[in-house]
Amino acid sequence: MPDQQRLLDIIDRFSSTPVALIGDLVLDRFILGTPKRISREAPVIILRHEEQRDVPGGAANALANMAALGLGVTALGAVGDDEPGVALRTALADRGIDTGSLLVVPRYRTPTKVRILGGGASSLKHQVARYDIEDELPDDGSWYRELLLKLPAIGDCTAVAISDYGYGCVQPDIADALRDTVGRDTWITLDSRYRIGDFVGVDGATPNLEELEVAVGRSLDGDGKVVDAAEELRSRLDARFLLATRGNQGMTLIDADRVAAHIPVFGTDEVADVTGAGDTVLAVLTAALAAGASPLEGARLANIAAGLVVMKLGTATISADELRAAVTGAQA
């Protein structure tokens, strides 16, 4: 396993490392309130509105994690010409992310996940309801051609992440387009919710257990079965490695030599919130590879970051200082 000093050296290089991400940008909107009374109209709690928090979600959460690590980030994606699109671009800009390469697509509704949280003034707020605003980018729109024209902006990056949430911003042929742009020496990583097996040519992918099961078409209930399935998908993608995330069972990495490594979960398996943990894994893994890490070293750091972020409420990020402290065994 990678030694402590080697992992710390990788983290120290984040601040001088350029990376890029292309993917489906989502706004996570949290509406907080305190219980007021039971409605006379229906058996529901009425909340007195306190505040609204808008944070980057989906691929935008991976971007936010990269920025929190101190990386120079190039963002490629699309938002709608609507209020959530403005709010998302503002949230990214507030985190130091250049939004100049983001496309604004008319009549496209920016995907927005609205979570309503209630609780006492001095207590934790708990989610009581959620609704999603969803849309798909048009297949025949000029937006995709415009997006491809922006690819040269990532030419100096040493790693590029693809984050596919199914809203249409990335198509399977984007892997070939990226490879033509950045060459063979740049890492291309992938997180795809619904069609991970279609992105042939990426260097690595990070399916969770459910996504891996769907990709191989069978149930996986043991280490050996996960390894076999991970190798099957890695081979199909012609990838250099595949990192299967398994919740409280940790992670399983398999490389092109068919060498498997199981990484136990970091910290406790009693989590506060798993929202966005996969985005954190993609961000930290990509950052580590860009900074010169091997897939195993990147997986170690991503595993530590995931263990930290699930102890935070809501859509959260991990800083380089928190990651460094966890690697050294200090209290992050």
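For the chain, modelled as a Gaussian network with Cα springs under 10 Å, which listed residue fluctuates most, 222, 197, 57?
Top of the fluctuation ranking is 222.
From the residues 20, 306, 30, which one has its Cα farthest along the dipole of the chain in the positive direction, the dipole being from +1 and -1 charges on Cβ of Lys/Arg and Asp/Glu about the Cα centre?
Final value for the positive-end residue is 30.
Taking R0 as 45 Å, what FRET efficiency do you get between residue 32 and residue 248 from their Cβ-Cβ distance, rounded to the nearest 0.05? Present the calculation step by step, with values, prior to reporting the outcome.
Values: r = 28 Å, r/R0 = 0.63.
Computed FRET efficiency for residue 32 and residue 248 comes out at 0.95.
How big is the shadow of the Cα convex hull of the chain, averaged over all directions, in nm²? Please report the intermediate quantities before stating the final value.
Details: hull surface 71.3 nm².
Seen from a random direction, the Cα hull of the chain projects 17.8 nm² on average.
Rounded to the nearest Å, what's the spacing between the alpha carbon centres of the range 27-80 and the range 89-142? Just the number, please.
7
Calculate, for residue 48 and residue 130, the FRET efficiency according to 1/(1 + (r/R0)^6) with r their C-beta to C-beta distance and R0 22 Å; round to the nearest 0.05. Provide the component values of the computation, followed by the final result.
Values: r = 19 Å, r/R0 = 0.87.
That pair, residue 48 with residue 130, gives E of 0.70.
We did not get these values from a lab; they are worked out from the coordinates using the rules stated. This is a predicted model, so every value here is computed, not measured. A quick note on method: Cβ atoms are made from the backbone with ideal geometry, for glycine too, and the neighbour counts reach across all protein chains shown.
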